[in-house]
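A.B. asks: Please find one structure pasted underneath; my questions will follow.
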Amino acid sequence: MATSFEPVLLRNVGVKDSHTLKVYRARGGYEGLQKALALPPGDVVARVKDSGLRGRGGAGFPTGVKWTFLPKDHPGPIYMCINADESEPGTFNNRILMEDDPHQVIEGIIISSYATKAATAYLYIRVEYGLSFRRLQSAIDECYEAGLLGKNIQGKQGFHLDIHLHRGAGAYICGEETGLIESLEGKRAWPRIKPPFPAIEGVFRKPTIVNNIETMACVTHILDRGVDWFRSIGVPPDPSNPRDIGSLGPKLYCVSGHVNKPGCYEAPLGITVRELIDDFAGGVWKGRKAKACIPGGLSMGFLTEAEFDTRLDFNELQKKGCLGLGTAAVIVIDDQTSMIDVLYNSCRFFSHESCGQCTPCREGTAWMTKILARMRRGQGELSDLDQLAEIGGGIGLTPGTTICGLADGAAWPVKNAMQKFRPEFEEWIRSGRRSEDPLGELLAHH
Ligand SMILES: Cc1cc2nc3c(=O)[nH]c(=O)nc-3n(C[C@H](O)[C@H](O)[C@H](O)COP(=O)(O)O)c2cc1C
Ligand code: SF4
């Protein structure tokens, strides 16, 4: 699978001046937009729906279906809101697209705005992404000059679009779509209770579509290369399950951690973890073996090495007890790394990033962190393991105790660790070991 596939999303990366309009156009750019503008907006929505594209931001919701949730014939403004917060640990695919091929993303935003009848698009980008911000802004400026943004775009009467960049201040919760909207409106990024979902009430309480950067890049190619091309890549729907829509199209996989060649790689949805590590990332570093990996960004949980033949798609990871595919960012953990340290670091991150609105999330994430900090000091008790499993099982959208999914993301690594790595934790506690990892310096906070 790895060798026969031709990269599409990364095809311009590495080409000199790939971020400029001149080079993008010379390589076939904005042809998808021309094809889209020849269709009525409803047909563009239908194509994206028929392609089976599922959002690349984490939840995998079908993009075209989301667009149909907008109220019909809405008299007021509709907004596109592009999520470039990219705070999920291990995830940097959006950054590569924005830095090296911003026009590919902008073309997708223009097509999506045409389809959804939005005349304003906000692109919310985390403040740490300085080069992405500058490249996007200069690409947007080029588009205004070339008539690709502004009024009556490409001569299409009545199709107007402005894109505004908005820089976040660097908080994980700003990536949650309603936290993002609150932040965009100038408030603290506290996620909203849903429903209403943003398609009904989003930015400034108006109908809004929130989509990820990579989702936008996929829209560009669906319109340019067609629905059949997109559906020919990835994992088709299971014919025995009428509700399954498959995992279709190309995907950017970020690989980091204990591998020889960390990086962002493009492959069809459905590549296995093992193929990704061995065929793309040069195998596990220092001649060691892997113990585990985080398969889709930290919040998705853990796979053991024995589970590395699992397909990275929207269905298979759940069958292995993970939360889902998430951002498809794979962090590899070698066999000399303590899962106690890994889990402590995970809990510390989520506790720090909890916005604090919901008691189970605010208190639960801090409680789990304190237990693990004590365990790292050699003062753990076996009963702590049941306690961790119980706290992890009680927080999140899944048990229905929180407003947003950050708590699920905090809980899943804990639940998976207790199910899959319990003997390592038991041995650690029984032996009274202390952690020698530099993370210990941070223990003073707990
Ligand atoms: C805590 C939390 C953080 C999130 N962070 C991001 C993020 O950084 N980028 C992103 O695109 N989606 C993020 N999401 C998912 C968004 O809420 C939303 O589903 C997504 O932007 C929709 O775009 P898509 O349908 O194109 O995937 C996050 C969700 C949660 C619960
Ligand atoms: S689950 Fe956590 S991050 Fe999400 S709204 Fe509640 S307290 Fe905030």
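A.B. asks: Among the listed pairs Lys291/Lys319; Lys194/Lys251; Lys16/Lys151; Lys289/Lys415, which have their C-alpha atoms separated by more than 27 angstrom in this model? Present the calculation step by step, with values, prior to reporting the outcome.
C.D. replies: Details: Lys291/Lys319 19 Å; Lys194/Lys251 29 Å; Lys16/Lys151 31 Å; Lys289/Lys415 24 Å.
In this structure, Lys194/Lys251; Lys16/Lys151 exceed 27 Å between Cα atoms.
A.B. asks: Computed FRET efficiency, Cβ-Cβ of Gln419 and Lys286, R0 30 Å: what is it to the nearest 0.05?
C.D. replies: Working: r = 28 Å, r/R0 = 0.94.
My answer for the efficiency is 0.60.
A.B. asks: Relative to the longest principal axis of the C-alpha atoms of the chain, give the angle of the C-alpha long axis of helix 102-116, reported between 0 and 90° and rounded to the nearest 10°.
C.D. replies: In the chain, helix 102-116 runs at an angle near 70 degrees to the longest axis.
A.B. asks: I'd like to know how the range 72-200 sits against the 2.2 N^0.38 Å rule of thumb: what's its Cα Rg over that expected value? Each step should come with its number before you reach the end.
C.D. replies: On the way: Rg = 14.9 Å, N = 129, 2.2 N^0.38 = 13.9 Å.
Compared with the compact-globule rule of thumb, the range 72-200 sits at 1.07.
A.B. asks: While we're here: Let's test the formula: R0 of 22 Å, r as the Cβ-Cβ distance of Ala59 and Arg27. What FRET efficiency results, to the nearest 0.05?
C.D. replies: Numbers: r = 32 Å, r/R0 = 1.44.
Given R0 = 22 Å and the Cβ-Cβ separation, E is 0.10.
A.B. asks: Counting only the backbone N, which residues of the range 331-345 are under 18 Å from the spot 7 Å out from the Cα of Arg430 toward its beta-carbon?
C.D. replies: Of the residues in the range 331-345, 339-340 have backbone N under 18 Å from the label point off Arg430.
A.B. asks: Now for a different question. Amide H to amide H under 5 Å from Arg56: which residues, 5+ apart in sequence or cross-chain, H placed 1.01 Å off N in plane?
C.D. replies: When sequence neighbours closer than 5 places are left aside, the close amide H contacts are Asn212, Thr215.
A.B. asks: Using the reciprocal of the averaged 1/r over all distinct C-alpha pairs, how large is the Kirkwood radius of the range 339-445 in Å?
C.D. replies: Details: mean 1/r = 0.0735 Å⁻¹.
Value: 13.6 Å, from the Cα pair sum.
A.B. asks: Considering amide H positions built from the backbone, and no H for Pro or chain starts, which residues 5 or more places from Tyr253, or on another chain, come under 5 Å of its amide H?
C.D. replies: Tyr265, Glu266, Ala267
A.B. asks: Just the Cα atoms of the chain, one point each, no solvent: what log10 I(q)/I(0) does Debye give at q = 0.09, 0.10, 0.14 Å⁻¹?
C.D. replies: -0.58, -0.71, -1.33
A.B. asks: Using 0.36 nm times the number of residues separating Glu6 and Trp229, minus their current alpha carbon distance, what extension gain do you get?
C.D. replies: Details: separation 223, 0.36 × 223 = 80.28 nm, distance 1.21 nm.
Length difference between fully extended and current span is 79.1 nm.
A.B. asks: Set the Förster distance to 35 Å, then compute FRET efficiency between Phe197 and Glu128 from the Cβ-Cβ distance, nearest 0.05.
C.D. replies: Numbers: r = 28 Å, r/R0 = 0.81.
Efficiency for this residue pair is about 0.80.
A.B. asks: Going by C-beta contacts inside 10 Å, put Phe204, Phe421 in order with the fewest on the left. Could the numbers behind the result be given before it?
C.D. replies: Details: Phe204 13, Phe421 20.
Starting with the residue having the fewest Cβ neighbours, the order is Phe204, Phe421.
A.B. asks: Would you calculate the separation in nanometres between label points at Leu39 and Lys151, each defined as 7 Å from the Cα along the Cα-to-beta-carbon direction?
C.D. replies: Output for this residue pair reads 2.9 nm.
A.B. asks: Compute the long axis of helix 422-431 from its Cα atoms, compare it with the longest principal axis of the Cα atoms of the chain, and write down the angle in degrees, 0 to 90, nearest 10.
C.D. replies: 40
A.B. asks: Ordered by packing density, taken as the mean number of other Cβ atoms within 10 Å over each peptide's residues, highest first, how do 304-310, 61-67, 359-365, 205-211 rank?
C.D. replies: Details: 304-310: 16.1, 61-67: 19.3, 359-365: 20.9, 205-211: 22.4.
With the highest mean Cβ count within 10 Å placed first, the list reads 205-211, 359-365, 61-67, 304-310.
A.B. asks: Sum -39500 (n - 2.57) across every DSSP H segment of at least 4 residues in the chain, then divide by the residue count to get the 222 nm mean residue ellipticity, nearest 500.
C.D. replies: Numbers: 16 runs with 169 residues, N = 446.
Result for the chain, helices only: -11500 deg cm²/dmol.
A.B. asks: What whole-number distance in Å separates the alpha-carbon centres of the range 6-65 and the range 127-155?
C.D. replies: So the two Cα centres are separated by 16 Å.
A.B. asks: List the residues, sorted by chain then number, that are 5 or more residues from Phe314 or on another chain and whose placed amide H is less than 5 Å from its amide H.
C.D. replies: Hits under the 5 Å cutoff: none.
A.B. asks: Using the alpha-carbon atoms, what tilt in degrees (0 to 90, nearest 10) does helix 213-225 show relative to the longest principal axis of the chain?
C.D. replies: The answer is roughly 40 degrees.
A.B. asks: With a cut-off of 13 Å, note down the residues of the range 273-290 whose backbone N falls inside the zone around a label point 7 Å from the Cα of Asn260 toward its beta carbon.
C.D. replies: 277-289
Coordinate-derived values only; no laboratory data. Source: prediction; values computed, not measured. Glycine also receives a Cβ, built like all others from the backbone with ideal geometry; neighbour counts cover every protein chain displayed.
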